[in-house]
Amino acid sequence: METTHQRQWLPALAAIDVRSLAVFRMALGALMFWDQCIALSNVRAFYSDEGMLPRSFLLSHPMQDAHIWSLHLVGGSVLVQAILILITMAAALAVIVGWRTCWSLFVAWALVCSLHGRNPTILYGGDVVLRVMAFWSLFLPMGACWSWDAKQHGVASPPPRSFFGISSLAILFQVSFIYWFTAVLKYGNEWTRDGSAVYYVLNADQFVLAPGRWLLGFPDLCRWLSFGVWWFELIGPFFAFIPWRTAMWRILVIAAMWVMHLGFGMCLRIGYFPVAMMSIWLLFIPSETWQWLSSRWSKLNLVTCDSPPARLGWRRTVAETFAAACLALVLLWNLWTTDSQKWNRWLPPSVAALGYTLRLDQSWALFAPTPVTDDGWMICEAELFDGSRIDLLRSGQGVDFAKPAHLSSTYPDWKWHKLQVNLASRSYEALRQPFADYLASDWCRRNPNSSKVRNWTLWFVREQTLPHYIAVTPQKVKLAENRLFISPP
């Protein structure tokens, strides 16, 4: 039989203050809106049939599981794709203000998943964080505080300050899984023995920013940072579940995680991943913190909150049961990523299909199992009919194979960066020609009065990172070419 002590500490560890849910909701909506702004700026290139991945090519060259769906496949025009993106942006704004919060979250989550299914070649870790956290938010009273819904409904008496259920435990575990399983996947010499991981990461010029290049000048510090990051990812989340002085431990863990991700964001160009990771730790802000803040700023009191469901009605019972099943699925999925042969029998195709359908598929292999050692940059050399040669990836500038001074800043955004990283891999070899054909066609469309493209060659200049700061000469690798390119009319 459950003891009184168990009834006290379990909710304390798994409950989430509704004010923490509120600030997380605002951050989640803002991230969704930011993500869709980037998508809108690339709508022609990445999502329309005029771009580098037409629907016909995607359907004839499967790049993802068949159970991954996309509403964005209903039309291939720029207009259709832009309308769907604008709807997602509207839903994200509704999430921020908490208007029809449950339905707004569902629409935003569904359309974000749909957009990810439309073009899997540009996805990275931040996208996975965004969609899985949006999924778990569907089970929580995200509009219970500081929302339009709460203001409209009002309350007759002070509502509960926190929400406790399997779904709250699930989303907190999901946050922890990101760190635990990336640490397991990173278990190797570079992270745990010789401490060379940060050295290799900061030598990847396609990622590194100015503070990272500066940090590379301190080899001993880089070595200890390799050990420190790995150990903190492994044991850091455990401190958030200590049943003694939980509030104190959580504040310390949140602060430490924010410092770590701020460091990642300052040293590496990895999109909004650091911001997304900082945002999900808002869920761990304890009630004691809000009480301390509200004693100094009365507007933080729960005077305009709609009460979360207090009793287990049949709808919440079904939702919590489904959340428990999904949590088990996510745990199995992450275990499978660590050793697919060992865990295959626990993740049969029917169960995996459910994971893909709900877009709970995930792998937290950021710079794992070993940091990248093959750095480089891409050049799309085009010959025009007037004999001149231009680089289609750099707005028609002259072809120059010399290494850019600040390589990470040459990409329009992190989606273009991820795409070019993938194209250098053999797994995406079939996509190289459609990609370069799009660049050539887009150049002709944007420059109607210039000479047309006669042919193109796609190059990757590979620069391998060797230990002990040993310099190597970059090597040109021809990825694809089209000597019979037909310019659009």
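Every read-out reported here was derived from the displayed coordinates using simple, explicitly stated rules and does not represent laboratory data. If you're wondering where the values come from, they're calculated on a predicted model, not measured in any experiment. All Cβ positions, glycine included, derive from the backbone under ideal geometry; neighbour counts span all protein chains shown.
General remarks:
- Charging the Cβ of each Asp and Glu at -1 and of each Lys and Arg at +1, and nothing else, the dipole of the chain about its Cα centre rounds to 740 debye.
- Taking Rg and Dmax of the Cα atoms in Å as calculated from this structure, the corresponding entry among (i) 24.5, 85; (ii) 26.4, 84; (iii) 30.9, 108 is (i).
- Karplus 3J(HN,Hα) series, Hz, for the range 383-389 with 6.51 cos²θ - 1.76 cosθ + 1.60 (x for Gly, Pro): 9, 8, 5, 8, x, 6, 10
- Gain in span if fully extended, residue 296 to residue 317, counting 0.36 nm per residue against the direct Cα distance: 3.8 nm
- Charge context of residue 113, other residues only, Cβ under 11 angstrom, K/R +1, D/E -1: +1
- The long axis of helix 166-185 is offset from the longest Cα principal axis of the chain by roughly 40 degrees.
- Rounded to the nearest 20, the Cβ-based charge dipole of the range 374-482 about its Cα centre (Lys and Arg +1, Asp and Glu -1) stands at 120 debye.
- Taking 0.36 nm per residue of sequence separation and removing the Cα-Cα distance, the residue 56/residue 328 pair yields an extension gain of 94.3 nm.
- The number of Lys pairs in the chain with C-alpha atoms less than 26 Å apart, excluding pairs fewer than 8 positions apart on the same chain, is 14.
- Label-point gap, in nm, between residue 475 and residue 192 - each point 7 angstrom along Cα→Cβ: 3.2 nm
- Full extension of the chain between residue 451 and residue 409 gives 12.3 nm of extra length, using 0.36 nm per residue less the Cα-Cα distance.
- Residue 73-residue 164 FRET efficiency (beta carbon distance; Förster radius 30 Å; 0.05 resolution): 0.15
- Theoretical FRET efficiency, 1/(1+(r/R0)^6), r = Cβ-Cβ of residue 342 and residue 363, R0 22 Å, to 0.05: 0.90
- 11 Å beta-carbon shell around residue 394, net charge (K/R +1, D/E -1): -3
- Each of 85, 38, 242 was scored by other Cβ atoms within 10 Å of its Cβ. Listed from fewest to most, they are 242, 38, 85.
- Helix axis angle, 18-41 relative to the chain longest principal axis, alpha carbon, degrees: 20 degrees
- The calculated FRET efficiency for residue 464 paired with residue 223, based on their beta-carbon distance and R0 = 30 Å, is about 0.90.
- Computed from Cα positions, the angle between helix 4-14 and the longest principal axis of the chain comes to roughly 30 degrees.
- By the count of neighbouring beta-carbon atoms within 10 Å, fewest first, 248, 278, 32 end up ordered 248, 278, 32.
- Dipole orientation for the range 374-482: of the candidates 469, 424, 376, 424 has the Cα lying most toward the positive pole (charges on Cβ; Lys, Arg +1; Asp, Glu -1).
- Listing 468, 153 from fewest to most neighbouring C-beta atoms within 10 Å gives 468, 153.
- Exposed loop sites are taken as chymotrypsin sites (Phe, Trp or Tyr not before Pro) in a DSSP loop (any state but H, G, I, E or B) with at most 13 other beta carbon atoms within 10 Å; the longest stretch of the chain without one runs 1-243.
- Look at the dipole of the chain built from charges on Cβ: of 113, 247, 272, the Cα furthest out on the positive end belongs to 247.
- Mean sequence separation of contacting Cα pairs (under 8 Å, at least six apart), scaled by the length of the chain, corresponds to a relative contact order of 19 percent.
- Value of [θ]222 nm, deg cm²/dmol, for the chain, DSSP H segments ≥ 4, -39500 (n - 2.57) each, nearest 500: -16000 deg cm²/dmol
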